[in-house]
Ligand SMILES: Nc1ncnc2c1ncn2[C@@H]1O[C@H](COP(=O)(O)OP(=O)(O)OP(=O)(O)O)[C@@H](O)[C@H]1O
Ligand SMILES: O=P(O)(O)O[C@H]1[C@H](O)[C@@H](O)[C@H](OP(=O)(O)O)[C@@H](OP(=O)(O)O)[C@H]1O
Ligand SMILES: [Mg+2]
Ligand SMILES: [Mg+2]
């Protein structure tokens, strides 16, 4: 099995990479606000201390300052209306109470750009709803095909999973993903008997061979950036005689960059730009989001058959 060099949820992004991502995000913050103004533009941020540290690096603050943008921490103990005034609110906090407060604030302060609306973010926090909009897309004649691997949501007695998988017509091996996207405890189940060892609620997704490389497509407003990361290797016929549930670590985190790797060109070739542009535009519109990423893989042995396997809201880079 793959062993990973990624620790925790942060992924150990290179400072330069993060600063670049932050700079793109700063551009988006500027673009999201009204035309040139006399005073400084104030971005209130509500982030965990870990995220604030990885995102708001000195380079970003410096860049933002030059553009007349000031980042101000939101005090979660105080009412939002008593703070600011803000032009933009940038946030990545979960929790019903925060969502309720932010929605209420959006209604009473329509002049403030909230990146992004909590209701829209919610689609990406649950792996059952996460890929729904992708599966509805029909990108015919778009330089390639984009789909979602066959998947099944299970929240039943584990003993009934093999029958449910059969009924749904899913083929082994399956990637078992916790329903809550925040949890990264994934595993690979090779045989029907091992499915009974899984712990619902889960999404079971068909494993798609893709040559061990994944494309992280970052969408920041109109901007798109793609990087290659190492991923799970192909499962060969021989592997299918494996039995059991194999837990695997964070395989495609920032430390698993494949940008400088000597890869098979058929595997390394990035998805076509026009395809990414249409995909990003459609998802932005349908989801109502401006800061997210898509994890995409190319079916091994094809040039233009892509699958979206994961999406993350306001990820690191
Ligand atoms: N359907 C699939 N077919 C093949 N490999 C897959 C599939 N789903 C997931 N993987 C592999 O497992 C890894 C983790 O899966 P996924 O991206 O869904 O999890 P995650 O924990 O949400 O990741 P992230 O850190 O991006 O949030 C992927 O990077 C890829 O290597
Ligand atoms: O830096 P990459 O490899 O793109 O990984 C991201 C993950 O894809 C996201 O899932 C993380 O967000 P969550 O902590 O909300 O799961 C996200 O966490 P962050 O918001 O703490 O940056 C990143 O770890
Ligand atoms: Mg992922
Ligand atoms: Mg994810």
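The values are calculated or read from the model by the stated rules, or taken from the named source; none is laboratory data. All values derive from a computational prediction rather than experimental measurement. Cβ: placed from backbone, ideal geometry, glycine included. Neighbour counts: every protein chain shown.
Here are a few things to note about the model shown:
- When segment 151-167 is filtered for residues that are under 26 Å from the mean Cα position of the chain (by Cα) and surrounded by fewer than 16 Cβ atoms within 10 Å (Cβ to Cβ), only 155 remains.
- Selection from segment 120-130 of residues that are surrounded by fewer than 20 Cβ atoms within 10 Å (Cβ to Cβ), touching a residue at least 40 places away in the same chain (Cβ under 8 Å) and under 16 Å from residue 100 (Cβ atoms): 120, 125
- Test: residue 295 is under 30 Å from residue 161 (Cα atoms) and assigned to a helix (DSSP H, G or I): no
- The sole residue among 31, 46, 36, 21 that is touching a strand residue (DSSP E or B) at 6+ places or on another chain (Cβ under 8 Å), closer than 20 Å to residue 221 by Cβ and modelled with pLDDT under 95 is 21.
- Selection status of residue 306, at pLDDT 95 or above, within 13 Å of ligand 2 (Cβ to nearest atom) and either closer than 26 Å to residue 198 by Cα or surrounded by 15 or more Cβ atoms within 10 Å (Cβ to Cβ) (or both): no
Listed here are the residues, each with its yes/no results for (1) closer than 24 Å to residue 146 by Cβ; (2) in contact with a strand residue (DSSP E or B) (Cβ under 8 Å, 6 or more places away or on another chain); (3) more than 13 Å from ligand 2 (Cβ to nearest atom).
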site: 177; (1), (2), (3): yes, yes, no
site: 189; (1), (2), (3): no, yes, yes
site: 197; (1), (2), (3): no, yes, yes
site: 201; (1), (2), (3): no, yes, yes
site: 215; (1), (2), (3): yes, yes, no
site: 224; (1), (2), (3): yes, yes, yes
site: 236; (1), (2), (3): no, no, yes
site: 243; (1), (2), (3): no, no, yes
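- Selected residue (criterion: farthest from residue 254 (Cα to Cα)) from residues of segment 82-111 that are surrounded by 12 or more Cβ atoms within 10 Å (Cβ to Cβ) and over 27 Å from the mean Cα position of the chain (by Cα): 109
- Unmet criterion (only one of (1) part of a loop (DSSP other than H, G, I, E, B); (2) touching a strand residue (DSSP E or B) at 6+ places or on another chain (Cβ under 8 Å); (3) more than 15 Å from ligand 1 (Cβ to nearest atom)) for residue 315: (3)
- Condition met for residue 276 (under 16 Å from the mean Cα position of the chain (by Cα) and not in a loop (DSSP other than H, G, I, E, B)): yes
- Selection count, segment 164-178, where residues are part of a strand (DSSP E or B) and farther than 18 Å from residue 243 by Cβ: 2
- Residue that is modelled with pLDDT of 95 or more, within 16 Å of ligand 4 (Cβ to nearest atom) and surrounded by fewer than 20 Cβ atoms within 10 Å (Cβ to Cβ), where the choices are 312, 293: 312
- Residue in segment 223-242 that is away from ligand 1 (no atom under 16 Å from the Cβ), assigned to a strand (DSSP E or B) and either surrounded by 15 or more Cβ atoms within 10 Å (Cβ to Cβ) or under 25 Å from the mean Cα position of the chain (by Cα) (or both) present: yes
- Whichever residue in segment 179-197 is surrounded by fewer than 19 Cβ atoms within 10 Å (Cβ to Cβ) and not in a loop (DSSP other than H, G, I, E, B) and, among such residues, is nearest to ligand 3 (Cβ to nearest atom): 180
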